[in-house]
Amino acid sequence: MSMDYREHMPMNDTTLSRFRQFLGTSIHDGYTRHRICKSLKKSHTNLYTILTAKSLFDKMKRDLPNHIERMNKRSSWDVNKFASNRRGRELEKMLGNEYLLFIGCIIISSKIYMDLSYTNFSWIEICHHGIDQINATEKLILQVLDYDVSLQWIELKKMYDEFGTMPGEILSGQIEMKQRKGFFKWAFGSLFRLISCVDT
């Protein structure tokens with residue numbers, strides 16, 4: 001399978017328009033899809049990162065009921081009901097923001113491919129959300145996915161087939177999809193330990 005250089009390039013207006021329609025299988029609200037595509041155009045994100053993000057987004061939505069059930073079980077045993085209720089409200093608020101959830105999936109997707117062109121801070125200017133919201137959304141997505149962001153080749157190929165584009169060697173050979181469950185847990189654990197030390 002030969003490499004298609006277009007996969008490395010930012011999506012042009014035609015491809016972006018097709019993706020906006022394709023995103024309708026995951027997000028029904030037209031304005032949310034418009035905002036996502038506007039941000040993707042500003043960020044110059046390439047196609048394979050975007051399609052991987054959509055796959056993660058769909059996977060997260062499938063895993064969400066189980067995550068909520070686990071949260072409810074934990075909260076029923078939680079002594080601090082006030083903190084538990086607050087976490088529940090925060091979760092509900094974040095889950096209602098499909099725009100930010102998809103941007104969070106884009107951020108995770110770019111880290112899977114070790115694309116360091118954008119940090120979480122860089123996304124502040126693109127999506128006009130604070131760094132705390134961006135970090136919290138990314139953490140929530142990883143928790144829902146149980147930090148398992150590995151994708152099977154067949155899943156990505158199916159995504160490309162549905163979109164109408166064949167993936168090149170960038171997905172099948174040059175970049176090996178690895179399970180980064182341990183890495184993400186370690187990275188977030190270190191980050192939030194550092195933040196809690198600074199706050200105290």
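The values are calculated or read from the model by the stated rules, or taken from the named source; none is laboratory data. Worth saying up front: this structure is predicted, and the values here are computed from it rather than measured. A quick note on method: Cβ atoms are made from the backbone with ideal geometry, for glycine too, and the neighbour counts reach across all protein chains shown.
Here are the numbers:
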item: The range 101-155, residues that are part of a helix (DSSP H, G or I), among the β-branched types (Val, Ile, Thr) and closer than 22 Å to residue 26 by Cα; result: 103, 106, 107, 108, 112, 126, 134, 137, 141, 144, 154
item: Flag for residue 58 being farther than 26 Å from residue 148 by Cβ and at pLDDT 85 or above; result: no
item: Search result, residues across the range 17-65 that are farther than 13 Å from residue 98 by Cβ, under 15 Å from the mean Cα position of the chain (by Cα) and surrounded by fewer than 18 Cβ atoms within 10 Å (Cβ to Cβ); result: 62, 63
item: Residues located in the range 34-59, provided they are in contact with a Cys (Cβ under 7 Å, 6 or more places away or on another chain) and closer than 20 Å to residue 142 by Cα; result: 53, 56, 57
